[in-house]
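Input: a single structure, listed below in structure tokens.
Read-outs throughout are calculated quantities, based only on the coordinates presented, and are distinct from any laboratory measurement. Since the model is a prediction, treat every value here as computed from it, not as a measurement. All Cβ positions, glycine included, derive from the backbone under ideal geometry; neighbour counts span all protein chains shown.
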Amino acid sequence: MSNKNIYEQNLDQNSANYAHLTPLSFIERSASVYPNKISIIHGKTHYTWSQTYNRCCQLASALQKLGVGKGDTVSFMGANSPETFEAHFGVPMIGAVLNALNVRLDAKAIAFIIEHAETKVLFTDKEYSQTIRDALEIVTDKPVVIDINDPYFNEGELLGQTTYDEFLKTGSEDFSCFQIEDEWQAISLNYTSGTTGDPKGVVYHHRGSYLTALSNVISWNMAVHPVYLWTLPMLHCNGW
């Protein structure tokens with residue numbers, strides 16, 4: 001008789017019995033099960049889950065073509081918009097880490113975060129162009145800058161090499177996503193407000209973000225097909 005426990009034989013992890021916990025599975029399932037249901041309403045813009053998923057894949061593909069990969073930081077200075085929502089999925093789809101910047105911080109604090117986070121690509125809404133322009137004057141190793149040209153904000157200026165929509169066109173909807181090797185991989189980098197000094201970095205991982213999202217569903221007694229008016233800044237705690 002073998003001395004090895006029967007439950008330790010031929011029961012290794014495989015694709016049939018194990019999957020890494022990640023919020024990325026939420027968007028994949030939504031697009032698969034509810035492809036034609038509305039996912040986002042932003043003014044006159046309406047997207048379905050299928051469209052949102054494809055845009056997230058395009059973002060991931062475009063970033064990869066730009067040289068962004070696992071462990072790279074992508075910073076986002078954005079309002080509550082489809083672009084910011086898509087970044088929460090598109091950025092980690094290639095193993096990169098999303099850094100949603102606090103739009104209330106001044107240029108000095110933003111510059112500190114960009115340098116401390118070793119930001120490789122910075123997406124910025126033109127609503128915050130003044131702050132970002134001043135911050136970039138401080139930053140030594142400047143990231144690639146891509147503008148979010150929100151049609152519902154007419155002020156501000158474009159600072160980057162291209163716009164979000166044009167950048168998206170360089171990516172592919174057929175991009176093979178979900179290249180997550182470990183649920184302990186970082187998914188986002190957040191920063192405290194720095195009330196006692198410089199902002200402090202806080203790292204979230206895929207597993208923790210997944211479980212936190214599920215806990216909110218349970219705690220709030222979320223019904224099937226809820227409609228949610230997103231009023232708090234998406235950057236706040238970077239929730240999925």
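Details
- A simple packing score, the average count of other Cβ atoms within 10 Å per residue, orders the peptides 99-105, 181-187 as 99-105, 181-187, with the highest score first.
- With Cα atoms as the point set, region 1-139 shows a radius of gyration and Dmax of 19.9, 74 Å.
- Sorting 209-222, 80-93, 6-19, 147-160 by average packing, meaning the other beta carbons within 10 Å per residue, from highest down gives 80-93, 147-160, 209-222, 6-19.
- Computed FRET value (nearest 0.05) for Lys108 with Asn14, which takes r as the C-beta separation and R₀ as 41 Å: 0.25
- Our summary gives the chain a relative contact order of 22 percent, counting only alpha carbon pairs under 8 angstrom and 6 or more residues apart.
- Descending by average beta-carbon neighbour count within 10 Å, the peptides 195-205, 115-125 line up as 115-125, 195-205, the highest first.
- With each label modelled as a point 7 angstrom along the Cα→C-beta vector, the Glu173-Ser219 pair spans 3.7 nm.
- Kirkwood hydrodynamic radius of region 20-219, from the reciprocal of the average inverse Cα-Cα distance over all distinct pairs: 17.2 Å.
- Intensity falloff of region 123-205 expressed as log10 I(q)/I(0), Debye formula with alpha-carbon point scatterers, at q = 0.13, 0.14 Å⁻¹: -0.66, -0.76
- Dividing the helix sum by the residues of the chain, where each DSSP H run of 4 or more adds -39500 (n - 2.57), gives a mean residue ellipticity at 222 nm of -9500 deg cm²/dmol.
- Residues in region 138-147 carry Karplus couplings, in order, of 8, 5, 7, 9, 6, x, 5, 10, 10, 8 Hz; the curve used is 6.51 cos²θ - 1.76 cosθ + 1.60 with θ = phi - 60°, and Gly or Pro positions show x.
- Between Ser188 and Leu98, Tyr204, the built amide H atoms are under 5 Å apart, and every one of these is 5 or more places off in sequence or on another chain.
- Averaging 1/r over every pair of different alpha carbons in region 169-240 and inverting the result gives a Kirkwood radius of 15.2 Å.
- Restriction of the trypsin sites (Lys or Arg not before Pro) in region 1-103 to DSSP coil positions whose beta-carbon has at most 10 other beta-carbons within 10 angstrom yields Lys4, Lys44.
- Partner aspartates and glutamates whose Cα lies under 17 Å from the Cα of Lys44, excluding those fewer than 8 positions away in the same chain, are identified as Glu83, Asp150, Asp165.
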